[in-house]
């Protein structure tokens, strides 16, 4: 399949969010990526469920919700109620990861697990068969506009090898420092979904930027 593009709303203009959503609706964006931060698991806070609840009324694009928070299992029902297609939780935040993944599925969503830059792909050996997607952070989570961590390309290759070895169809998503140059290398390495925030929303023509990312 062609790779997917999931613009990150974290970089949108929150004083004029409806305008940015209208832009995404007109673009070739496949999903909308939503980063929820708590100021505990990551050193920043972002938007919460009141904002996410409103999005399903303004877009028909699937919502990819990434919880950068401690104890994400407490919010599974709220994420599902907000209309999320995919719920991402961090491996590092879930001591009982298998249980959380099952909760996500039981709530009717697809389950994804996120790895921070320092976390090896091998941590997923015993859970990946239960996942629809793995998100690899190619920057340290918490802030947009950071420099791409080069090792992420090799990490994508290692994850792809694990998926193929187990004969799975798990998607690989990458978030952080994605632009036309890094995006091309990530897709060539096996990435299926590219998350781009600052690169899209700070560009003079976001719709054209999304088009170029989609057709790397």
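Among the residues of region 186-205, what is the count of those that are closer than 14 Å to residue 23 by Cβ, in contact with a strand residue (DSSP E or B) (Cβ under 9 Å, 6 or more places away or on another chain) and assigned to a loop (DSSP other than H, G, I, E, B)? Number of matching residues: 1.
Conditions tested, residue by residue: (1) surrounded by fewer than 15 Cβ atoms within 10 Å (Cβ to Cβ); (2) part of a helix (DSSP H, G or I).
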| residue | (1), (2) |
| --- | --- |
| 79 | no, yes |
| 100 | no, yes |
| 104 | no, yes |
| 114 | no, no |
| 123 | yes, yes |
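Applying the criterion of being assigned to a loop (DSSP other than H, G, I, E, B) and farther than 16 Å from residue 132 by Cα to the residues of region 161-184, the residue that is nearest to the chain's Cα centre (by Cα) is 176.
Could you please let me know if residue 42 is part of a loop (DSSP other than H, G, I, E, B), in contact (Cβ under 8 Å) with a residue 40 or more places away in the chain and more than 23 Å from residue 215 (Cβ to Cβ)? Yes: the conditions hold for residue 42. Residue 32 meets the conditions (1) without any contact (Cβ under 8 Å) to a residue 40 or more places away in the chain; (2) over 26 Å from residue 204 (Cα atoms); (3) crowded, with 21+ Cβ neighbours inside 10 Å in every case but one. The failed one is (2).
With respect to residue 158, is the statement that it is surrounded by fewer than 18 Cβ atoms within 10 Å (Cβ to Cβ), touching a helix residue (DSSP H, G or I) at 6+ places or on another chain (Cβ under 8 Å), touching a residue at least 24 places away in the same chain (Cβ under 8 Å) and more than 20 Å from residue 37 (Cα to Cα) true? Yes; evaluated as a whole, the condition is true for this residue. Of the residues making up region 11-48, those that are touching a strand residue (DSSP E or B) at 6+ places or on another chain (Cβ under 8 Å) and at pLDDT below 90 are 37, 38, 39, 41, 42, 44, 45, 46, 47, 48.
The values are calculated or read from the model by the stated rules, or taken from the named source; none is laboratory data. Quick caveat: nothing in here was measured; it's all calculated off a predicted structure. Cβ coordinates were reconstructed from backbone atoms using ideal geometry, including for glycine residues, and neighbour counts include every protein chain displayed.
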